[in-house]
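First comes the structure, then the notes that go with it.
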Amino acid sequence: SIAALWPGSPYKFGEPIAGFQTMFDGFWRSVDVGIESAKTGARTSQIEGGSLAPNPYAGTRAISSQALGLEDTGIGKGIDYLGSVLGFAPRAIGGVHQFTHDMGRQFAGGMIAFREAVNSANAEGLTGIASYQKAFSTYADTVNDMPAKMRLNASKEADQMTFVNQLEKGSLPGLAQQAAELPILRTLLPFFKIAYNVKKWGADMTPGV
């Protein structure tokens with residue numbers, strides 16, 4: 001880890017290795033998360049990590065016979081079919097996104113767990129190889145039963161990796177995002193937050209902007 005070479009850096013040697021190890025070990029778990037998200041429309045990885053509260057409208061289809069009071073009618077069946085067609089792509093892409101988010105969450109969680117394990121070993125007075133041997137043992141136990149705070153921090157880092165970090169509360173984009181969670185607008189603008197965060201990141205990385 002090059003960042004670990006800087007004086008005062010919080011990063012530790014071996015963090016990326018720990019992150020990749022955690023991510024690879026949890027690959028099939030992430031696949032399950034992606035499938036579940038695609039089926040339900042919920043942002044499963046973010047909710048499990050704690051960085052996003054469950055959306056009360058998740059799974060509610062704006063374009064459906066039930067929403068329009070046309071159940072058990074021929075027109076209602078046609079509306080349900082239309083709603084299924086229009087909702088397929090957002091749910092499929094949402095499932096891929098939550099798979100990616102879960103992979104990122106496990107990567108970040110592994111790095112955080114290893115970093116804290118090294119800090120804990122150093123606090124016990126261990127140094128050099130002994131501290132890292134102790135850290136690897138502690139890290140392995142931690143990733144199998146990650147504390148809620150550590151899981152939340154990992155989920156927030158994954159939010160930033162996948163451009164779904166929370167928008168400023170009270171700001172115009174934040175208010176727009178709240179409105180976009182409503183069923184009909186979620187169908188029309190399913191990825192408002194990602195589009196805004198990608199644009200903001202591009203502006204932040206552009207000198208003079």
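The values are calculated or read from the model by the stated rules, or taken from the named source; none is laboratory data. Computed from a predicted structure; not experimentally measured. Glycine gets a Cβ as well: all are built from the backbone with ideal geometry, and neighbour counts include every protein chain shown. Note: areas computed on protein heavy atoms with side chains; ligands, DNA, RNA excluded. Shrake-Rupley method; radii C 1.70, N 1.55, O 1.52, S 1.80 Å.
Highest mean first, the peptides 14-22, 41-49 sorted by other C-beta atoms within 10 Å per residue fall in the order 41-49, 14-22. Computed with every protein chain present, the accessible area of Tyr132 is close to 60 Å² [probe 1.4 Å]. Modelled spin-label separation between Asp145 and Phe20, with each label point placed 7 Å from Cα along the Cα-to-Cβ direction: 3.0 nm.
Rounded to the nearest whole Hz, the Karplus-based 3J(HN,Hα) values (6.51 cos²θ - 1.76 cosθ + 1.60, θ = phi - 60°) of the stretch 47-54 follow the sequence 5, 5, x, x, 7, 8, 6, x, with x at glycine and proline.
Residue by residue, the stretch 106-118 carries 3J(HN,Hα) couplings of 6, 4, 5, x, x, 5, 5, 4, 5, 4, 5, 5, 5 Hz when phi is fed to the Karplus relation 6.51 cos²θ - 1.76 cosθ + 1.60 (θ = phi - 60°); x denotes Gly or Pro.
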